[in-house]
1. Mind counting the residues in region 199-256 that are in a loop (DSSP other than H, G, I, E, B), crowded, with 19+ Cβ neighbours inside 10 Å and β-branched (Val, Ile, Thr)?
2. So if I check each of Ala59, Ala66, which one is in contact with a Phe, Trp or Tyr (Cβ under 9 Å, 6 or more places away or on another chain) and at pLDDT 95 or above?
3. Do we have any residue at all in region 161-168 that's among the basic types (Lys, Arg) and either in contact with a strand residue (DSSP E or B) (Cβ under 6 Å, 6 or more places away or on another chain) or at pLDDT 95 or above (or both)?
4. Among what's in region 269-315 and is crowded, with 18+ Cβ neighbours inside 10 Å and among the small types (Gly, Ala, Ser), pick the residue that is farthest from Ala346 (Cα to Cα).
5. Just the residues that are under 21 Å from Gly242 (Cα atoms) and touching a strand residue (DSSP E or B) at 6+ places or on another chain (Cβ under 9 Å), please, taken from region 140-152.
6. How many of the residues in region 18-58 are closer than 25 Å to Thr94 by Cα, of a type in the set (Val, Ile, Thr) and crowded, with 20+ Cβ neighbours inside 10 Å?
7. With respect to Ala269, determine if the residue is in contact with a Leu (Cβ under 7 Å, 6 or more places away or on another chain), part of a strand (DSSP E or B) and modelled with pLDDT of 95 or more.
8. Scanning region 352-373 for residues that are hydroxyl-bearing (Ser, Thr, Tyr) and either in contact with a Lys or Arg (Cβ under 7 Å, 6 or more places away or on another chain) or not in a strand (DSSP E or B) (or both), which turns out farthest from Val260 (Cα to Cα)?
Amino acid sequence: MKISCLQENLAKGLGIVGRAVSPRSTLPVLGNVLMATEAGRLKLSATNLEVGISCWIGAKVEEEGAITVPARTLIDLVNALPPEQVDMELIERTQTLNLCAGRSESNIKGIDAAEFPIVPAPEGEGGIPIAPDVLRAAIQQVAFAAATDESRPILTGVLAKFEQEQLTLAAADGFRLSVRTVSLPQAVADPFSIIIPARALTELGRISGEQKDPIVITVTPTRNQVLFQLTDIVLVSQLIDGNFPDFNQIIPKSRNTHTVVDTASFLKACKTALIFARDAAHISRMHIKPGTELAPGHVIVSATSAETGDDVSELDASIEGDEVEVAFNVKYLIEVLSVVGSPQVALDTTTSSSPGVILPVGETDFTHVIMPMHLGR
């Protein structure tokens, strides 16, 4: 293998695939990046066996070949090189990659490319296209609500339900639920559902920032992997096997109080409450008081810590229904208010011991359910 490419392009490509490298693995090759020539370009691949990312960058290929080299060493080295052409040559006898840039020359010891796991690539036509900005926004609004605790693997994933011209994404961790629907440009022939690890979707959101063309989603014939095809990048993820809970049963069908409040003001009040709530299991109280003929309705957001003190913020609100006091995990409120994406947000409540529902005002494609916390008197 003998190739040349720009340091800037190589650093960018390694930044994309580097996050899929396995930090701790019994297989040394999983700590490596595969570098291979393919159709006149340089292909970079990394995988941790759950998620695999391949990226293609422009290069001048003089001799074909492939090698895997330690990711951390290669990434740190390339980032330290001057911003000019990098010449790379594989010394096959010793499986060493020689890199030259400017007046710098380095040798990195590698492992034979034959030992690297195969990262699937999309085959032929087919797949479901979706606008990158739409998918990225949907991921942002859903993936954070997935569980990080591996005790219930199904909840570490995001349900993706493809039906006619709609994609529904849902994630829940037992304390909250996020559901977002997205319109598809074309109808799906046969409806199907898959469960994608939330980590894989978060990674897709990260690497698709510059994507202009639609992202094409393909499920492998064996139904155990999903592929996301971007212009010069392919992300492959294992799917989680099992049945996702029926999230529609979790969404309350009625409400006693409907509160509309400015999103930015509500978020600011919650962030202030967190300063005190973090010492008290993140509990923050919401006292919702409907208005009278003379005074507007308002929401009082408060938090108390036995050690550090307390905080009270009052917000103007448009309130229909009963007065209610309910407590939520303020960290969860901050996370959803940060991604709700509308100037105003609605909070629907029933009783102090019932789940709250957060909805963007003026939009119907996003629903977030948050479980209440016990109010000690």
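1. 1
2. Details: Ala59 fails: in contact with a Phe, Trp or Tyr (Cβ under 9 Å, 6 or more places away or on another chain).
Just one listed residue meets the conditions, Ala66.
3. Of all residues in region 161-168, those among the basic types (Lys, Arg) come to 161.
Those still in the list that are either in contact with a strand residue (DSSP E or B) (Cβ under 6 Å, 6 or more places away or on another chain) or at pLDDT 95 or above (or both) too: 161.
Yes.
4. Top of the filtered list is Ala277.
5. Matches in region 140-152: Val142, Ala143, Phe144, Ala145, Ala146, Ala147.
6. 3
7. Details: in contact with a Leu (Cβ under 7 Å, 6 or more places away or on another chain): yes; part of a strand (DSSP E or B): no; modelled with pLDDT of 95 or more: yes.
Against the criterion (in contact with a Leu (Cβ under 7 Å, 6 or more places away or on another chain), part of a strand (DSSP E or B) and modelled with pLDDT of 95 or more), Ala269 does not qualify.
8. Only one residue tops the list, namely Ser353.
The values are calculated or read from the model by the stated rules, or taken from the named source; none is laboratory data. These numbers were taken from a predicted model, which means no experiment stands behind them. Every residue, glycine among them, receives a Cβ derived from its backbone with ideal geometry; neighbour counts consider all protein chains shown.
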